[in-house]
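In what follows, a structure is listed as structure tokens, so that the remarks can point back to it.
The values are calculated or read from the model by the stated rules, or taken from the named source; none is laboratory data. A quick note: this is a predicted structure, and the numbers were derived from the prediction, not measured. Cβ placement follows ideal geometry from the backbone for every residue including glycine, while neighbour counts extend to all protein chains displayed. Ligands, DNA and RNA are excluded from the accessible area calculation, which covers all protein heavy atoms including side chains. Shrake-Rupley method; radii C 1.70, N 1.55, O 1.52, S 1.80 Å.
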Amino acid sequence: MTDHLTHWIDGRPWQGTAARTGDVYDPATGEVTKVVDFASAADVDQAVAAARRAFGEWGTATLTRRMQVLFAFRELVNTHKEQIAELITAEHGKVLSDALGEVSRGLEVVEFACGNAHLLKGGYSEGVSTGVDVYSIRQPLGVVGIISPFNFPAMVPMWFFPIAIAAGNTVVLKPSEKDPSAALLLADLWSQAGLPDGVFNVVHGDKEAVDALLTHPDVASISFVGSTPIAKYVYETGTAAGKRVQALGGAKNHMLVLPDADLELAADSAVNAGFGSAGERCMAISVLVAVEPVADDLVAAIAGRMSTLRTGDGRRGCDMGPLVTSVHRDKVASYVAAGEEAGATLVVDGRLVEPDGAAAGFWLGPTLFDHVTPEMSIYTDEIFGPVLSVVRVATYEEGLELINSHPYGNGTAIFTCDGGAARKFQQEVQVGMIGVNVPIPVPMAYYSFGGWKASLLGDTHAHGAEGFHFFTRGKVVTSRWPDPSHGGINLGFPTHG
Ligand code: NAD
């Protein structure tokens with residue numbers, strides 16, 4: 001008997017009208033464990049209507065009231081983090097420790113959003129003219145839409161909704177249909193925290209639900225995270241419908257290793273960042289750019305470490321879990337075949353993995369290619385799996401040129417013991433998030449997360465001060481209170497002398 005998941009609207013589970021449903025798999029067993037309703041446009045309309053009603057109260061709730069709910073939510077997520085992590089592992093496949101890490105990174109954003117009173121402060125200039133003061137205020141947008149990918153079912157929505165809610169907005173979240181349960185548990189925790197009904201809603205589904213959000217006249221903004229082709233579509237459709245849109249897309253993250261780097265640290269980092277979460281992270285390292293003469297030593301050190309990795313069921317203490325679906329596993333495996341055919345050296349072949357898990361799981365082990373060249377599809381495309389490619393270059397400049405020529409610009413890292421080289425790199429590289437001897441430089445919640453080029457459409461990155469900026473709009477008030485020094489009639493353009 002499979003569980004049946006439905007939407008969460010107006011503070012409770014809400015049976016939709018849609019005829020369509022999707023299967024939710026346990027990737028470690030290959031079994032369908034749940035069925036999830038797919039929202040129709042009418043279901044999305046119900047969610048938006050509930051959010052719109054709730055905005056009346058929540059949009060004007062005091063900062064203290066909002067903060068109190070956020071603190072209560074923070075405590076509830078913290079006490080339920082194992083339960084959230086178990087749901088993630090059961091539907092996404094990532095190992096439990098990794099799922100817990102994702103919840104912790106999401107919690108950081110909730111904690112950051114608890115500082116809403118500080119972050120929503122405006123400015124004040126007294127006496128810009130005689131008896132005239134100017135001040136700025138920031139107000140919530142209204143109903144905001146969030147559309148999230150499969151790879152971080154808790155953390156990515158949490159990049160956005162704590163801040164949106166702290167700023168006084170109401171939310172309709174459309175999580176990935178592949179792993180929808182974490183969002184429902186988070187919705188329940190919001191209710192327990194005292195969030196009024198309708199402030200946080202979840203609709204499940206696919207393109208139909210996304211399109212309904214993108215074009216709904218009562219949805220003010222869209223925060224999207226997913227692959228670049230869909231991000232482009234979302235950005236174009238949402239902005240054409242007059243919405244504020246931030247659309248975070250795909251990635252191909254390079255790690256540049258200079259000859260003076262600590263090669264043991266670089267090898268550890270390449271393995272951790274290449275194969276953690278089976279490479280299904282937008283900040284995974286998928287290309288290692290080795291500045292000669294270090295490549296032979298690095299490849300040997302990485303291959304040695306890979307031989308100790310245990311791929312298997314995420315509940316069994318393995319290092320790496322399965323891929324999210326069999327379709328995705330097959331797609332990643334097809335890239336391995338394409339790399340071999342194109343002439344790259346296949347050092348470790350993940351297709352030969354012997355997993356610690358059910359035979360029908362969606363397995364593909366860690367894979368390492370050497371002598372990869374920039375025209376190969378394993379170099380050009382986002383693979384989003386446990387495949388690490390080594391490209392050999394002669395100089396720093398050649399490596400930099402490679403990174404800057406790639407269409408994606410999400411994250412990158414440099415490994416070196418030379419501070420000057422690292423500083424030069426951070427200045428010259430065309431990428432949004434940079435690690436110096438740190439392979440997955442995901443910014444803390446009080447900084448903003450976002451890439452450059454094809455990795456982000458729109459102007460605003462996620463969370464941090466930019467998050468509050470995205471979820472509010474500004475007003476500037478120029479005010480004068482009557483006093484005896486009334487200035488008389490003057491039809492000239494106002495200047496503040
Ligand atoms: P995806 O683009 O397939 O799906 C993302 C969301 O869009 C899901 O909610 C999905 O239901 C919806 N969607 C799918 N097809 C659609 C369509 N045709 N029209 C409208 N909506 C559609 O992405 P995914 O496979 O779930 O996630 C992996 C991708 O997300 C990778 O490309 C990864 O790099 C990217 N990602 C980026 C970041 C970042 O911060 N830049 C973070 C996490 C994931």
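Kindly indicate whether Leu184 is within 11 Å of the ligand (Cβ to nearest atom) and in a helix (DSSP H, G or I). Write out each step before concluding.
On the way: within 11 Å of the ligand (Cβ to nearest atom): no; in a helix (DSSP H, G or I): yes.
Answer is no for this residue.
Are there helices (runs of 4 or more DSSP H) fully within the range 45-142 with at least 3 residues that are touching a Cys at 6+ places or on another chain (Cβ under 7 Å)? List them.
Numbers: elements: 63-79, 81-92, 96-113, 116-119.
Fully inside the range 45-142 and qualifying: 63-79.
How about the range 461-480: which of its residues are closer than 16 Å to Val109 by Cα and either part of a loop (DSSP other than H, G, I, E, B) or touching a Gly at 6+ places or on another chain (Cβ under 7 Å) (or both)?
Pass one, the range 461-480, residues closer than 16 Å to Val109 by Cα: 461-471.
Scanning the range 461-480 gives His461, Ala462, His463, Phe471.
Is it fair to say Ala300 is open to solvent by 10 Å² or more (accessible area, probe 1.4 Å) and either part of a loop (DSSP other than H, G, I, E, B) or free of Cβ contacts under 8 Å to residues at least 24 places away in the same chain (or both)?
On the way: open to solvent by 10 Å² or more (accessible area, probe 1.4 Å): yes; either part of a loop (DSSP other than H, G, I, E, B) or free of Cβ contacts under 8 Å to residues at least 24 places away in the same chain (or both): yes.
So Ala300 fits the description; yes.
I'd like to verify a number: residues in the range 376-416 that are assigned to a loop (DSSP other than H, G, I, E, B), more than 16 Å from the ligand (Cβ to nearest atom), open to solvent by less than 30 Å² (accessible area, probe 1.4 Å) and hydrophobic (A, V, I, L, M, F, W, C), how many?
So in the range 376-416, the residues assigned to a loop (DSSP other than H, G, I, E, B) come out as 376, 381-386, 394-395, 406-407, 410, 416.
If we keep only those that are more than 16 Å from the ligand (Cβ to nearest atom) too, we end up with 376, 394-395, 416.
Next, only the ones that are open to solvent by less than 30 Å² (accessible area, probe 1.4 Å) stay: 376, 416.
Filter once more, so that each one left must be hydrophobic (A, V, I, L, M, F, W, C): 376.
Number of matching residues: 1.
Scanning for something without any contact (Cβ under 8 Å) to a residue 12 or more places away in the chain and open to solvent by 10 Å² or more (accessible area, probe 1.4 Å), does the range 176-189 turn up at least one residue? Before the answer, list the steps.
Filtering the range 176-189 for residues without any contact (Cβ under 8 Å) to a residue 12 or more places away in the chain gives none.
No; the residues of the range 176-189 include none that is without any contact (Cβ under 8 Å) to a residue 12 or more places away in the chain and open to solvent by 10 Å² or more (accessible area, probe 1.4 Å).
Please work out if Thr345 is of a type in the set (Ser, Thr, Tyr), more than 16 Å from the ligand (Cβ to nearest atom), surrounded by fewer than 21 Cβ atoms within 10 Å (Cβ to Cβ) and not assigned by TED's automatic domain parsing to the domain that holds Pro180. So that I can check it myself, show each step before the final result.
On the way: of a type in the set (Ser, Thr, Tyr): yes; more than 16 Å from the ligand (Cβ to nearest atom): yes; surrounded by fewer than 21 Cβ atoms within 10 Å (Cβ to Cβ): yes; not assigned by TED's automatic domain parsing to the domain that holds Pro180: yes.
Criteria met by Thr345.
Condition check: among the hydroxyl-bearing types (Ser, Thr, Tyr), buried (at least 23 other Cβ atoms within 10 Å of the Cβ) and in contact (Cβ under 8 Å) with a residue 12 or more places away in the chain. Does Ser227 satisfy that? Quick ask: steps written out before the conclusion?
On the way: among the hydroxyl-bearing types (Ser, Thr, Tyr): yes; buried (at least 23 other Cβ atoms within 10 Å of the Cβ): no; in contact (Cβ under 8 Å) with a residue 12 or more places away in the chain: yes.
No.
Mind telling me which of the residues Leu248, Leu213, Leu256, Leu263 ends up being in contact (Cβ under 8 Å) with a residue 12 or more places away in the chain, open to solvent by less than 10 Å² (accessible area, probe 1.4 Å), closer than 29 Å to Arg305 by Cβ and aliphatic (A, V, I, L, M)?
Details: Leu248 fails: closer than 29 Å to Arg305 by Cβ; Leu213 fails: closer than 29 Å to Arg305 by Cβ; Leu263 fails: open to solvent by less than 10 Å² (accessible area, probe 1.4 Å).
After ruling out the rest, the residue left standing is Leu256.
Residues of the range 303-338 being open to solvent by 10 Å² or more (accessible area, probe 1.4 Å) and in contact with a helix residue (DSSP H, G or I) (Cβ under 7 Å, 6 or more places away or on another chain), which ones?
Of everything in the range 303-338, those that are open to solvent by 10 Å² or more (accessible area, probe 1.4 Å) and in contact with a helix residue (DSSP H, G or I) (Cβ under 7 Å, 6 or more places away or on another chain) turn out to be Arg305, Met306, Leu309, Arg315, Ala333, Tyr335, Ala338.
Counting only residues that are near the ligand (Cβ under 7 Å from one of its atoms) and closer than 16 Å to Val143 by Cα, how many does the range 199-223 have?
Residues flagged as near the ligand (Cβ under 7 Å from one of its atoms) and closer than 16 Å to Val143 by Cα within the range 199-223 amount to 2.
Please give the number of the condition Gly357 fails out of (1) within 15 Å of the ligand (Cβ to nearest atom); (2) under 23 Å from Arg329 (Cα atoms).
(1) is the only condition that Gly357 fails.
Go through (1) open to solvent by 10 Å² or more (accessible area, probe 1.4 Å); (2) on the phi > 0 side of the Ramachandran plot; (3) within 15 Å of the ligand (Cβ to nearest atom) for Gly194 and report which single condition fails.
Condition not satisfied by Gly194: (3).
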